[in-house]
Each structure stands twice: as structure tokens, then as C-alpha cells.
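See below for the structure under consideration.
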Amino acid sequence: MREGLTSRFWRRNVLLPAAALALGIVVATVAQGQSDDGAPAVETLGPQQTIDVRVGRWDPIQETYANWEAFGGAFSISARGTVTLPMIGQLDAAGMTPDELGLQIAQQVQDRMGLSGEVQAIVTITEFAPIYVLGDVRAPGAYPHAPRMTVLQALSLAGGIDRASPALVRGERSALNSLGSYRVMELELLRRLATLSRLEAEEAGSEMAPPDELLASVVGPELIAQERRIMIAQRAALESSLAQIDELEALLEERISRLTTQAELRQTQLALLEEELGNAASLVERGLSTVARQSGLQRQVADQQVRLLEVETARLNAEQQLNETRRDRLDLINERSRERVQGLQDQRAAIGELRIRMETEAALFAEATRTGNGLVELSALSPPELQITRTGPDGPITLSVRRDDLIEGGDVLEVVLDAPGPNDTIPVRRLPFGSEDLPPPGALSGADPRSEQRAEPRSGNSVVPPS
């Protein structure tokens, strides 16, 4: 069965050189992030995590890397902190780093198979134990954990603190919601226009030509610069992949050429031996030579035939690899082309939908500005109390934390607000909310607010957007 494009490139261009350098050394690696001060952040293993284990060995005779799939795969760490691996059994993993577990796995495989210092075990954390957020948050529940996640980041996953919302008069609330939604959709529209411009440039093989609507925006230059960086990076990645394929093709062609030369030499040697065998057989018939001489020549002929077959088989294998490499190039180019075409379709459809939704929000804004007479806002409440419940060796413990403290997988974060009781007095202040208090029209697109007028409904479905 033909291998996948990604796995084949990894084995040929990354895994084999790395395995050759690591020959004779037991290796275990782990993907490490970087902390704020630049130091590596090593994540230890713990319950409810999922790890990926890869075990293999570099064969110096065959010059290939053998991936032992029977030992590897995806495994979950149990609540007791143990992981059970095939042909190895149960291992204690809690509190260890992936490097340390990889060394232990490699040693276990070595001991069971009687090998000496040539096994590689790579352990990677693919899924961390979830965290749980509850209390006064907008969306309590379980969320995926990531290394070096802070309490503030966990709160953002849960939608932030669920404070009491300001009391808005219906008309102003509707106008403010419509205006906010319109501004968000306008920014999304500009971002998609920049992406569409990049995809069109990639499809045409030219430079980006952003539309005037994007160039006139305040955030337009930044969005265009981002898309240009993406285009340059993707182009460089494609050229690098094609260059690697070209190098591999050159090596295979050189190998095929040498194997062809070897086959020709073997064929010549075989012809000479067959001629000599024929002469010896004639001499044996006339009693001028021994049968032993004839038998020896027959063995040499058979040996040359076997060697010639081995060379021709190796040449066929090299030709098959060359054909696969050429198909890899076509697959790479066709896949990139398919992604561009699909991206163009998706972006154009999304842009059309956004424009319709923006027209709807503009109409709602124009209608809402005709009603309502004010906004009432509750006074600010006291800061929330943040607590983490963490299960340790001696059982669960509860800790008070701050927003910048780190949270670990399996932690339960509780947010408690000191909200006023039903009989407490809640001071309020009334905020003026007229047309002069609205965000200036055109602020997002960079237009002069003095040239804009307040949105008014028009006949039919056409409206003046509040941008």
C-alpha cells in the first residue's frame, strides 16, 4: 500500500538522518514549550493525560529505521498515574517527564529483547487532563488544558466573570448591540478580504492587489502585511518540499544508473562463465577434462545468475521509489492547488454572507436609534475570589490564587463574587446616551466622522450602515 505523503517525507528527510546520528544511544524526546523568561517548560505526566509512544531502532546493516508499531500507539494515563503498554506491562508515569518515561520504556524493550543500546523511545503528550471552571463565570464546565496555562486564561475559556449586566433601556440596548455587531462583522469582512486577496494572488502567481475597501481602512495595512507574510511562508515551504523531492529523485536516478552498470557487468561475467562451461562440457565428453571442473563452473554460473537477479531486483525497487517520488511531487502541487480553490470559494461565500448580515444590522441600528431614552449602570462590584481545588498525594486541597498563577490539569477553578444581597442598597448612576455618545461613525474604516450622518432608514431594504 502506498504510504501517505507526510509520513514518507518525515521518514526520508528527518527521521533517517536523526536516527543515524543517534545510533547506539537510547533516546527519549518530548516537545517542550518556552516560558516567559525563555527557559524550557517541561510538562510532567499525570492522570487523565493521553500520550503517544513511538519505539523503534536504527538498523545499521539495512540502513533503515524500523518503527516497532507493536510497542507504540496512543495510551491514556489512569487515575492512579499508571500506563499499560503492550508487551511491556504497567508502568508508573505520574510525576515523570516524557523524557524519563521514554528512557524507562526503551530500557524495558532492551531488556525484553536482549538488545544493547540501540532502542529509541519517543513519548509525547498529545492530550492533557482537562480543567474545570465553575462559579460566577459565563460558561462553567470542563475545558482542555495546555502547558503553562494561567488562571486568567482559564477564565477566558469559560467566557469570563459573569458580573451583573448594566440595565439598559430597550432602545439604546438594541442600538448598541447592532452597532457592536456591525463593527465586529466589519472587521471580519476586512480580514476575509485580505485573505481573499492573498488567495487570488497565489492562484494567479502574482503579487497581492488588495481592494480599495481594504486599503482605505485603518487596520488594512496590518491585515495586508499579515497575509503577505503568510504567502511568503507558504511559498517557501512549497519550494523547500519540492527541492527535497528533486534531491531524492537525483539520488534515486544515480542509484538506478549504478545498478544498471552492475547488471551489465554481471551479465558479461555470466556470458563468459556460460561459454567456459560449454567448453568444459565438450572436453568432458571427449575425456579431456574432469567432471569436477564442469560441476565447479556450473556452480559459478548459478551464483552469477543469483547475483544478477539481486541487482535487477534492487534496480526495480529504486525505479518504483522514483515513480513514487514523482507522484509525491504531483500530489503536493495538486493538494496546494485544491486548497487555494477551496479557500477562494469559502472566502467569497463568507464575504457575501457578511455583507448581507451587515445590511441587516444597519437596518436594526437605524430603527433602534429612534427609540429609548437612557442607560442605567450598576456600580462596580468587589473583585472576585479565585480558588483552586487540586488533588495531591494526600487528597484534595484548596488554594487561593491570583489571575497570573499557573493552573494544572485536573484542577477545579471556582470563581466566587461577593454580590449584594436582596436587601442591600445598590447605588446606580444614570448615563446620558444620545447620538453624541455613540462611537464615531467610520472609526473602524478610517472614514472622517464629520462627513457621516446618523443612520436613517430608507425605502425598501436599503439602509445606511452605522460604520
Original post:
For segment 55-142, what does the alpha-carbon gyration tensor say about shape, rounded, prolate or oblate, given a ≥ b ≥ c as the root eigenvalues, a/c under 1.5 as rounded, and a/b over b/c as prolate?
Top reply: prolate
**OP:** Just order 305-317, 387-399, 147-159 by mean Cβ neighbour count inside 10 Å, highest at the front, would you?
**Re:** 147-159, 305-317, 387-399
Original post:
So if R0 is 35 Å, what FRET efficiency would Leu115 and Asn317 give, r being the distance between their Cβ atoms, rounded to the nearest 0.05?
Top reply: 0.80
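Around Thr44, under 10 Å between beta carbons, what's the net of Lys plus Arg minus Asp minus Glu among the other residues? Could the numbers behind the result be given before it?
On the way: positive: none; negative: Glu43, Glu100, Glu408.
That sum, taken over residues with Cβ under 10 Å, equals -3.
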Subject >> Label point at Arg191 placed 7 Å out along Cα→Cβ; residues across segment 229-244 whose backbone nitrogen lies under 16 Å >> reply: 230
**OP:** Could I have the simple spin-label model distance between Ala146 and Ser295, label points 7 Å from Cα toward Cβ, reported in nm to one decimal?
**Re:** 7.7 nm
Subject >> Sulfur and carbon atoms: percent of accessible area, segment 243-338 [1.4 Å] >> reply: 50 percent
Original post:
Hey, what do the phi angles of segment 188-204 turn into as Karplus ³J(HN,Hα) couplings, whole Hz, using 6.51/-1.76/1.60 and θ = phi - 60°, x for Gly and Pro?
Top reply: 5, 4, 5, 5, 6, 5, 5, 5, 4, 4, 5, 5, 5, 5, 5, 5, 8
**OP:** May I ask you to derive the FRET efficiency for Glu247 and Thr389 from their Cβ-Cβ distance with R0 = 51 Å, giving the value to the nearest 0.05?
**Re:** 0.40
**OP:** With label points built 7 Å along Cα→Cβ from the Cα atoms of Ser337 and Leu134, find their separation and express it in nm.
**Re:** 5.6 nm
Subject >> Neighbourhood charge, 12 Å Cβ-Cβ cut-off, centred on Val133 and excluding it, Lys, Arg +1 and Asp, Glu -1 >> reply: -3
Original post:
Given H placed 1.01 Å from N in the peptide plane, which residues other than close sequence neighbours of Glu43 have an amide H under 5 Å from its amide H?
Top reply: none
Original post:
What translational D, rounded to a whole number of µm²/s, comes out for segment 176-220 from Stokes-Einstein when the hydrodynamic radius is the Kirkwood one over Cα pairs, at 10 °C and 1.306 mPa s?
Top reply: 139 µm²/s
Subject >> Length released on extending from Asp212 to Ala236, taking residue separation times 0.36 nm less the Cα-Cα span >> reply: 5.8 nm
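How much length would be gained if the chain were fully extended between Gln48 and Ser400, taking 0.36 nm per residue of separation minus their Cα-Cα distance, in nm to one decimal? List each step's numbers first, then the result.
Working: separation 352, 0.36 × 352 = 126.72 nm, distance 2.39 nm.
Between Gln48 and Ser400, full extension yields 124.3 nm more.
Quick one: length gained pulling Arg357 to Gln62 fully straight, 0.36 nm per residue minus the C-alpha distance?
My answer for the length gained is 99.9 nm.
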Original post:
Label Gln107 and Ala74 with points 7 Å out from Cα along Cα→Cβ: what is the distance between them in nm?
Top reply: 3.0 nm
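The values are calculated or read from the model by the stated rules, or taken from the named source; none is laboratory data. These numbers were taken from a predicted model, which means no experiment stands behind them. Positions of Cβ are generated from backbone atoms using ideal geometry, with glycine treated the same way; all protein chains shown enter the neighbour counts. The area values use the complete protein model at the heavy-atom level, side chains included, leaving out ligands, DNA and RNA. Shrake-Rupley method; radii C 1.70, N 1.55, O 1.52, S 1.80 Å.
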